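I have placed the structure first, in the form of structure tokens, so that the comments after it can refer back to it.
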Amino acid sequence: MGYGLGVFLLALGLILAFAVQDMISAVDLTMVGYILCLAGVLVLVLTAVQLNARRRTTTTATTTDAQGRQATTQRSTEADPPPPAI
């Protein structure tokens, strides 16, 4: 699943929804096109969310000393930092 699949489904859906005039018995090609458009947009959004979530990780560690005191340490890292601002 990736950007290529999302663009392909979106393009195929738009072609079926707006450019195809043929009729197939018991199949509404316009509705199939709309469904493929929706699936393509959904794939694009899910791919973007998945790739963005993969970049950030947060690690939390809790330690306890001999007197029973607890200390919590939290570290956030980015695997792929964003590009510099222009």
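The values are calculated or read from the model by the stated rules, or taken from the named source; none is laboratory data. Owing to the predicted nature of the structure, the values given are computational and were not obtained by experimental measurement. No Cβ is skipped: glycine too gets one built from the backbone with ideal geometry, and neighbour counts run over all protein chains shown. For accessibility, only protein heavy atoms count, side chains too; no ligands or nucleic acids. Shrake-Rupley method; radii C 1.70, N 1.55, O 1.52, S 1.80 Å.
Laid out as a table, the results:
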| item | result |
| --- | --- |
| Contacts under 8 angstrom Cβ, first residue in the range 8-28 being without any contact (Cβ under 8 Å) to a residue 24 or more places away in the chain, partner open to solvent by 100 Å² or more (accessible area, probe 1.4 Å), 6 or more apart | 17/34 |
| Some residue of the range 56-67 being open to solvent by 100 Å² or more (accessible area, probe 1.4 Å) and at pLDDT 85 or above | yes |
| Hits in the range 31-43 - residues which are open to solvent by less than 50 Å² (accessible area, probe 1.4 Å) and either farther than 14 Å from residue 6 by Cα or in contact (Cβ under 8 Å) with a residue 24 or more places away in the chain (or both) | 36, 37, 39, 40, 43 |
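Yes/no matrix, rows are residues, columns are (1) on the phi < 0 side of the Ramachandran plot; (2) among the hydrophobic types (A, V, I, L, M, F, W, C):
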{"position": "20", "(1), (2)": "yes, yes"}
{"position": "26", "(1), (2)": "no, yes"}
{"position": "29", "(1), (2)": "yes, yes"}
{"position": "41", "(1), (2)": "yes, yes"}
{"position": "47", "(1), (2)": "yes, no"}
{"position": "51", "(1), (2)": "yes, yes"}
{"position": "58", "(1), (2)": "yes, no"}
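Residues checked against (1) in a helix (DSSP H, G or I); (2) of a type in the set (Lys, Arg); (3) closer than 24 Å to residue 51 by Cβ:
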residue	(1), (2), (3)
5	yes, no, yes
8	yes, no, yes
13	yes, no, yes
17	yes, no, no
22	no, no, no
33	yes, no, no
36	yes, no, yes
39	yes, no, yes
